[in-house]
Amino acid sequence: MNVKITFRYIYAAIIFIISFMLLWTCIVKTQEFLQAQQVQPKKFSLSSNQTTEYRLLSNNQKPDQLLYVLIPNQGFIAKINCEHYLATLCTDQNNQTQFRRIDQIDLLAFKQHVYIQNIRYTNTQDLKPQSFQFTGPQIQAFYQVDIQQLKYQLFTLALFSLFALYVCFRMIRNFKSFLNK
């Protein structure tokens, strides 16, 4: 009987912790959405040199449509939504290959949303250099699209949070019967 009650206490604690985490995530995402217009972008640049080489890796296949700025065999530095670059940087020709050596890249970061402003790279297979530039209004439009998508994610998260709070409230209200079932 004690094992059963101990298990129920642990089960209740797990439910409360998960509910708290859902609620906290909902609050943080709501703040992010409400403060999206006041966020000032931070610009940073990367250039490959003799000691550090940066590569551009894209994956345009759903559900993981992402661009990565990475150091080979060490990990990625920036993870960028591929949706905005499907016609330029996330093409099928370069999908999931590390043949694009970044010569120079300028990135704009709006908190965790990162966008490419300028990029110059060389394809290491055919040694063909390429460059792309994106204007400030284009990048601002990319950011607005991402914030609008955040609104839908926030709505779903809020529904799950409310359901979790309902379950917690019911469990607290009927805690003795919960332990003895």
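The values are calculated or read from the model by the stated rules, or taken from the named source; none is laboratory data. It should be emphasised that the depicted structure is a prediction, and the values quoted were computed from it without experimental measurement. We place every Cβ from the backbone using ideal geometry, glycine too, and count neighbours over all the protein chains shown. In case anyone asks, the SASA skips ligands and DNA or RNA and just uses the protein heavy atoms, side chains included. Shrake-Rupley method; radii C 1.70, N 1.55, O 1.52, S 1.80 Å.
Three principal axis extents describe the C-alpha atoms of the range 79-181; from largest down they are 71, 30, 20 Å. On a per residue basis, the convex hull of the C-alpha atoms belonging to the chain measures out at 161 Å³. Seen against the Cα atoms of the chain and their longest principal axis, helix 2-34 is set at about 40 degrees. Sorting E32, E83 on solvent-accessible area from highest to lowest, probe radius 1.4 Å, gives E83, E32. The label-point distance for R120 and F155, in a model that sets each label 7 Å from Cα toward Cβ, rounds to 4.5 nm. Computed 3J(HN,Hα) for the range 49-63, one whole-Hz value per residue from the Karplus formula 6.51 cos²θ - 1.76 cosθ + 1.60 where θ = phi - 60°, is 9, 5, 8, 10, 10, 10, 10, 10, 10, 10, 9, 9, 8, 6, x, glycine and proline marked x. May I ask you to list the residues of the range 1-32 whose amide nitrogen lies under 15 Å from a point 7 Å from Cα along the Cα→beta-carbon direction of L179? Flagged as within label range: 1-13. Projected label points at Q93 and I27, each 7 Å from Cα along the beta carbon direction, are separated by 5.0 nanometres.
Shown here are the Rg and Dmax of the Cα trace of the range 1-91, at 21.6, 67 Å.
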